[in-house]
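Novice: After the structure tokens below, expect a handful of questions from me.
The values are calculated or read from the model by the stated rules, or taken from the named source; none is laboratory data. Quick caveat: nothing in here was measured; it's all calculated off a predicted structure. Cβ atoms come from the backbone with ideal geometry, glycine included; neighbour counts cover every protein chain shown.
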């Protein structure tokens, strides 16, 4: 009798883990909240957004991609990185002011140090001795994140022509930030064409450096690219607001 | 005597499940080894005739199968849809899903020059086990390409005594959550439709 009991126990001990293996994972994604609940960013302007999304998509494949590819063939990656760094350097006021707005004084100080060092001994910011030699870090803050840190929600999802995914809150942030972006004041000292030219250069240059290929991969891997981009944008921004 | 042998055997079986786990390779080592293998395969000199491409893609997929738990990935991606799938459909979906991910991301890496890529592995963060007792860990890494740093976290689980990835979080964007959101509105579509839609995306 005892032997049978032991045998049955043995069999059970062997069988239970095997059975548990298959349905094991029911609670694996318990902490992945379905964003359909209160967390969802509404998309009341879906039809408009989808149209702009389609427009941006065509603009990328028909204009930005071929232009950036040609541009990349002419300029070596080192030069393009330098140009990118310079544009980035002059966005210093946005990052600095928003660091202060969020009470991140250490980040603001480090941002100021980066700007001073890179502008003076980094060739107007083309190279980044502050990050390379001194290990200083940029703080990627903007007004959208500042508003987010004040517990202001996204409002609704927006797709902007040329600029891509955004939200009501982040659009407000972009407009606010533009008042302290040096690029915005170029029009007072140079002809309008020159500042538009600079904006185009920045866009083409950035695309040539990082986005070529990434956008295609994203679209290829997605089941629904519009939703994939929307969710990716919201997740990214929420993460940045937290940090 | 016989009873005693049985008893020892019994105790061994009961405890046996937890002993190999201790002797295991830590998750970050498993990950590092597989990532290095993938880079080696991707770095092999290209074949101008393109004959070996298929063979190489198969090897890459094998590697991916070793490191990813595609069944869990697919389950997370489908969210509440998963329960509507029968077992065969689950397998078929997970299979196509792994192909889609491998195809998209490997083709992105192709032709990139990996000399300018470096990966920094940071300290593994062990997460609390799930209610059903699955051990989980986050392996944070930093991918540096041409001086641009991208944080990539691999979320891993312990399955059959080895660690496998079941989510990748790039710049705070969870791949599983992203697919989950895409499939959230597919609740009215049949499993067959979702599978054929997925297959339609494969070349």
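Novice: Picking from B:102, B:94, which residue would you name as being in contact (Cβ under 8 Å) with a residue 40 or more places away in the chain, closer than 27 Å to residue A:219 by Cβ and either assigned to a strand (DSSP E or B) or more than 9 Å from every other protein chain (Cβ to nearest Cβ) (or both)?
Specialist: B:102
Novice: Name every residue in segment A:58-83 that is crowded, with 17+ Cβ neighbours inside 10 Å and more than 17 Å from residue A:163 (Cα to Cα), in order of residue number.
Specialist: Across segment A:58-83, the qualifying residues are A:72, A:80, A:81, A:82, A:83.
Novice: Could I ask something else about it? Show the residue pairs meeting these rules: Cβ distance below 7 Å; 6+ apart or different chains; first residue within segment A:91-108 and without any contact (Cβ under 8 Å) to a residue 12 or more places away in the chain; second residue part of a helix (DSSP H, G or I).
Specialist: A:100/A:108
Novice: Hey, residue A:230 hits all of (1) at the interface with another protein chain (Cβ under 9 Å from one of its Cβ atoms); (2) out of contact with any strand residue (DSSP E or B) (no Cβ under 8 Å at 6 or more places or on another chain); (3) buried (at least 17 other Cβ atoms within 10 Å of the Cβ) but one; which does it fall short on?
Specialist: Looking at each condition in turn, residue A:230 falls short on (2).
Novice: Scan segment B:146-171 for residues that are more than 9 Å from chain A (Cβ to nearest Cβ) and either at pLDDT below 85 or not in a strand (DSSP E or B) (or both) and report the count.
Specialist: So the answer is 2.
Novice: If I filter segment A:186-193 for residues that are modelled with pLDDT of 90 or more, surrounded by fewer than 14 Cβ atoms within 10 Å (Cβ to Cβ), assigned to a loop (DSSP other than H, G, I, E, B) and away from chain B (no Cβ under 14 Å), do I get at least one hit?
Specialist: No, segment A:186-193 contains no residue that is modelled with pLDDT of 90 or more, surrounded by fewer than 14 Cβ atoms within 10 Å (Cβ to Cβ), assigned to a loop (DSSP other than H, G, I, E, B) and away from chain B (no Cβ under 14 Å).
Novice: Report every pair of residues separated by at least 6 positions or lying on different chains whose Cβ atoms are under 8 Å apart, first residue within segment A:121-149 and more than 21 Å from residue A:99 (Cα to Cα), second assigned to a loop (DSSP other than H, G, I, E, B).
Specialist: Matching pairs, first to second residue: A:122/A:128; A:129/A:122.
Novice: When the residues of segment B:128-144 are narrowed to those that are facing chain A (nearest Cβ under 9 Å) and surrounded by fewer than 17 Cβ atoms within 10 Å (Cβ to Cβ), which ends up farthest from residue B:159 (Cα to Cα)?
Specialist: Top of the filtered list is B:131.
Novice: Might you check whether a residue that is more than 10 Å from chain A (Cβ to nearest Cβ), modelled with pLDDT of 90 or more, loosely packed, with under 14 Cβ neighbours inside 10 Å and part of a strand (DSSP E or B) occurs anywhere in segment B:108-122?
Specialist: yes
Novice: Continuing with this model, one more query. Right, residue A:82: within 29 Å of residue A:212 (Cβ to Cβ) and assigned by TED's automatic domain parsing to the domain that holds residue A:174 or not?
Specialist: no
Novice: Would you be able to tell me the number of residues in segment A:207-218 that are surrounded by fewer than 17 Cβ atoms within 10 Å (Cβ to Cβ) and part of a helix (DSSP H, G or I)?
Specialist: The total comes to 5.
Novice: Out of the residues in segment A:108-149 that are within 20 Å of the chain's Cα centre (by Cα) and in a loop (DSSP other than H, G, I, E, B), which is nearest to residue A:48 (Cα to Cα)?
Specialist: A:142
Novice: Mind checking which residues of segment A:150-185 are in a helix (DSSP H, G or I) and exposed (fewer than 14 other Cβ atoms within 10 Å of the Cβ)?
Specialist: Within segment A:150-185, A:175, A:178, A:182, A:184, A:185 qualify.
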